[in-house]
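Asks: Sending over a structure as structure tokens; questions will come in a sec.
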Amino acid sequence: MIVTEEVRKSILTRVTGYLKKVSSHSLNPYVGCGFGRSSCGVPCYVQHNYWLTKGRDWGTFVDVKLEADSLYQQNYKRESMWARREGGKFSIFFSSSTDPWQPLEKKYRISRSLLLAMIELPPDKIILQTHTADILEDKETIIKLAERTLVKVHISLEGDRETLPGLPSPPCSIDRRIEALSIFSKMGIETVACLSPLYPLKDPEKFFSRLALAGVSGVIIDHFIEGDGTREGSRTLKTTLPEIMRKIDASSVDLLYRDKIVKIARRFLPVGISAEGFSGNRKDVLP
Ligand code: SF4
């Protein structure tokens, strides 16, 4: 892993594309991801973004954005005014192209410093998106932030299998991730389980019932087809994931599989689909 420390000129990115439905800005405390060599890194949509990777192999590098909290304070007025002038709210997706609670966070605490800065200068809304229960290390800070603004905790959880044969191990066990969802839900924070990208499920009824019991507000179901930003899922088709999924359940590589799972999930919880789901719209009708 090549770790590079850098100080940037800005930290808040005005979003484009599908993220426009989700928030006004994204905020990435790191470039690259320390989970890039775990199971989620194999199909990770971000690895196809050459502008971010600059040709580096996914999971081999992390650029650490030092002084991110000071930059947030400096950028806050300009960017919050811009968002409101555009007719919306100043809302932050944290994070769109990295994991704020990846292993290096234990050393650098860039994400923590940003959350602390946001308690002083809160956005109108923030979505905390992660693959790991290590977000709980910032539980107290997140509770304080939730007193100042709308906080949603999104935890990625592709399915009910710890991993799929042929994939490396996951960044965090399913049990720990569901436990984190449950803890935040009990604290009154809106939580969402993100099945992104959706894996073939062993026992969907049991899985969604467990999530409902954990108190999650809803689930997002995002198949790699459409979910990876291409109509046919062509980015993901370049990775090993589709073949691995096919070996477990041949039907799971088809969009009809997503629709079948959505119907089951709706018996237990509100469901959002792909980008609409990330935007908080859980009343999608199936195409
Ligand atoms: S944690 Fe997120 S950003 Fe990091 S490799 Fe996994 S999917 Fe990609």
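Every read-out reported here was derived from the displayed coordinates using simple, explicitly stated rules and does not represent laboratory data. Note that this is a predicted model, so its numbers are computed, not measured. Cβ atoms come from the backbone with ideal geometry, glycine included; neighbour counts cover every protein chain shown.
Asks: When residues of the stretch 87-124 are filtered for being within 16 Å of the ligand (Cβ to nearest atom) and touching a strand residue (DSSP E or B) at 6+ places or on another chain (Cβ under 7 Å), how many remain?
Replies: 12
Asks: While we're looking at this one, here's another question. For the stretch 219-270, list the helices (runs of 4 or more DSSP H) that sit wholly inside it and hold at least 3 residues that are among the aliphatic types (A, V, I, L, M) and out of contact with any Phe, Trp or Tyr (no Cβ under 8 Å at 6 or more places or on another chain); which are they?
Replies: The helices (runs of 4 or more DSSP H) meeting that bar are 255-265.
Asks: Another one. Out of all the residues in the stretch 82-94, which are in contact (Cβ under 8 Å) with a residue 24 or more places away in the chain and either in a helix (DSSP H, G or I) or touching a Cys at 6+ places or on another chain (Cβ under 6 Å) (or both)?
Replies: 82, 83
Asks: If we only count helices (runs of 4 or more DSSP H) wholly inside the stretch 95-189, which ones have 3 or more residues that are free of Cβ contacts under 8 Å to residues at least 60 places away in the same chain and in contact with a Gly (Cβ under 8 Å, 6 or more places away or on another chain)?
Replies: It comes to 174-186.
Asks: Failed condition for residue 199, given (1) buried (at least 21 other Cβ atoms within 10 Å of the Cβ); (2) assigned to a helix (DSSP H, G or I), with all others met?
Replies: In the conditions (1) buried (at least 21 other Cβ atoms within 10 Å of the Cβ); (2) assigned to a helix (DSSP H, G or I), residue 199 misses (2) alone.
Asks: What is the number of the single condition among (1) within 16 Å of the ligand (Cβ to nearest atom); (2) more than 19 Å from the chain's Cα centre (by Cα) that residue 84 does not meet?
Replies: (1)
Asks: Consider the stretch 101-130. How many of its residues are under 22 Å from residue 176 (Cβ atoms), touching a Phe, Trp or Tyr at 6+ places or on another chain (Cβ under 6 Å) and of a type outside the set (Ser, Thr, Tyr)?
Replies: 3
Asks: Same structure again: Could you please find all residues in the stretch 248-272 being more than 16 Å from residue 209 (Cβ to Cβ) and basic (Lys, Arg)?
Replies: If the condition is that a residue be more than 16 Å from residue 209 (Cβ to Cβ) and basic (Lys, Arg), then 258, 260 are the ones that fit.
Asks: Within the stretch 62-74, is even one residue buried (at least 19 other Cβ atoms within 10 Å of the Cβ) and within 30 Å of residue 165 (Cα to Cα)?
Replies: Yes, the conditions are met somewhere in the stretch 62-74.
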